[in-house]
Every structure is written in structure tokens, then in C-alpha cells.
Amino acid sequence: MDTIYKQIKEDLNTAKATLVAVSKTRTDEEIMELYDLGQRIFGENRVQSLTAKYESLPKDIEWHLIGHLQKNKVKYIAPFVHMIHSIDSFELAEMVDKQAKKNDRIIDILVQVKIATEESKFGLNNKRISETIEKIKGLDNVNIRGMMGMASFTSDEDQVRSEFKQLKSMFDTVKQTSFSDQNDFDVLSMGMSGDYKIALSEGSTMVRIGSLLFN
Ligand SMILES: *Cc1c(COP(=O)(O)O)cnc(C)c1O
């Protein structure tokens with residue numbers, strides 16, 4: 001783990017990108033191994049495991065929710081979650097805003113965009129992005145920090161690259177049109193174990209890596 005962690009961190013340093021260590025299905029002991037190497041940002045795809053791990057692990061960990069989120073579960077993570085990568089509707093953002101208010105917090109969110117051709121991937125369609133973002137901007141207790149996307153699960157590197165290019169171009173457009181007066185729309189979450197190097201070369205600022213780190 002030591003060697004691969006250092007190698008990934010080196011790749012990320014060059015690109016000035018942030019590592020979210022995806023700890024889903026890992027034990028507290030495995031997570032602590034990475035924590036002891038200095039890692040403080042961890043991501044989970046399920047609310048239940050996120051809250052359980054938040055409770056049992058050190059409180060200086062920044063927890064990111066990266067998986068699909070149901071509105072009725074937002075209340076469980078609102079007290080502590082650091083960033084939610086998977087906002088795919090205005091209604092979900094509204095719920096995060098409401099629960100953030102209750103906890104006297106402002107929660108950082110990313111809008112998830114559907115770039116993969118596979119039916120199974122969540123996220124907003126291209127057409128709905130700007131209108132949804134404009135509506136979310138009106139909410140006081142969520143802070144839109146950027147966008148997240150997952151490429152198709154395929155060995156075709158050209159396809160993966162072209163999906164990342166598409167996301168980066170949408171990100172740039174939205175930044176220019178809706179956030180030209182703000183500096184904190186600056187997170188482009190793309191890249192996982194199998195494709196993070198392609199993602200970095202296409203402008204990713206945050207990668208979510210699980211299996212490569214923990215195996
Ligand atoms: C599991 C997961 C990852 C990490 O995938 P690996 O291939 O294990 O690196 C990244 N993003 C999301 C949304 C995930 O669910």
C-alpha cells in the first residue's frame with residue numbers, strides 16, 4: 001500500500017489534483033493504514049457505511065459521499081459530510097440545503113453529470129445542467145464547487161478520453177457562464193483506479209481511487 005500510495009500521490013502532485021481514497025467495503029483497520037500514511041480524505045458510496053465509519057474513525061477525516069443519494073437519507077450525513085459528489089437533481093440539492101440549514105452548515109456539493117453511454121450510470125443529462133445549476137445557485141446552504149462524472153466501464157481508452165473531454169468542456173462552459181465572478185467553482189471530480197491517468201491528462205482536479213489503493 002505504501003508504494004502505490006506514494007506513486008499515486010506523485011502523479012497527483014504533478015497535476016495538482018486531490019485524492020479521495022474510496023474506502024467502501026474496507027475495514028476500519030485498512031482505512032487506518034492509509035490514514036497513518038497521511039491520507040485524510042475518504043469517500044464512501046453508501047450513507048449507512050459513511051455514517052458508521054464517521055463514528056468509529058478519527059474526526060479529522062474529511063468524508064465525501066460519492067454514490068447515489070436518496071432524499072430521505074440526507075439527514076443522516078448532513079451533520080458531518082464534507083462534500084457530496086452525486087447531486088443529480090434540484091430536488092436533492094434542495095433537501096441538502098434544508099438539512100444543512102438545520103445543522104447550521106454550508107455543504108459543498110458537486111453536480112453529477114452523465115457522460116457514460118451506459119444506462120446504469122446516474123447523473124444529469126447535458127441539456128438539464130445549466131438550468132439545474134442556476135436553480136441550485138439560489139440555495140443559501142449549499143455551495144456548488146464543481147462537477148463529477150464517471151466514464152463508461154470499457155477498455156476502449158479513446159472512448160474514456162472523449163467522455164472526460166466532454167465533461168471538462170461542460171465544466172469550463174458552466175464556469176464561464178455561471179461562476180465567472182467566483183473562484184471556488186474549481187472541482188472537477190473524474191477518474192478512478194482504471195482511468196485516473198487519462199482523467200488527469202484531461203483536466204481532472206480530484207480523483208476517486210479505491211481498488212488500486214487497497215488491493
Ligand atoms: C467505487 C467507486 C469509485 C472507485 O472505484 P475503483 O475502481 O475501486 O477505484 C469511484 N467513484 C465511485 C462513484 C465509486 O462508486
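Close amide H pairs (under 5 Å, H built 1.01 Å from N) link Ser86 with Leu110, residues at least 5 positions away or on another chain. Remark: the stretch 176-181, residue by residue, has Karplus-estimated 3J(HN,Hα) of 5, 7, 10, 10, 4, 9 Hz, where x stands for each Gly or Pro and the curve is 6.51 cos²θ - 1.76 cosθ + 1.60 at θ = phi - 60°. Taking a sphere under 15 Å around the Cβ of Glu10 and counting the other residues whose Cβ falls inside, with K and R at +1 and D and E at -1, yields a net charge of +2.
Annotation: peptides 25-32, 170-177, ranked by per-residue average of other Cβ atoms within 10 Å with the highest first, follow the order 170-177, 25-32. Per atom type, the chain shows carbon and sulfur on 46% of its accessible surface, probed at 1.4 Å. Would you work out if the chain is rounded, prolate or oblate? Take a ≥ b ≥ c from the square roots of the eigenvalues of the alpha-carbon gyration tensor; rounded if a/c is under 1.5, else prolate when a/b is larger than b/c, oblate otherwise. Oblate.
Taking the Cα centre of the stretch 8-98 as reference, the dipole from Cβ charges on Lys and Arg (+1) and Asp and Glu (-1) amounts to some 280 debye. In the full protein context, the stretch 60-199 carries 48 Å² of accessible surface per residue, based on a 1.4 Å probe and ignoring ligands, DNA and RNA. How would the stretch 136-204 be classified by its alpha-carbon gyration tensor: rounded, prolate or oblate, with rounded meaning a/c under 1.5 and the a/b versus b/c comparison settling the rest? It is prolate, given that a/c is not under 1.5 and a/b is the larger ratio.
The values are calculated or read from the model by the stated rules, or taken from the named source; none is laboratory data. Predicted, not measured: the structure shown is a model, and the values here were computed from it. Reconstructed Cβ throughout: ideal geometry from the backbone, glycine too, with neighbour counts over all protein chains shown. Remember, those area values only see protein heavy atoms, side chains included, never the ligands or the DNA or RNA. Shrake-Rupley method; radii C 1.70, N 1.55, O 1.52, S 1.80 Å.
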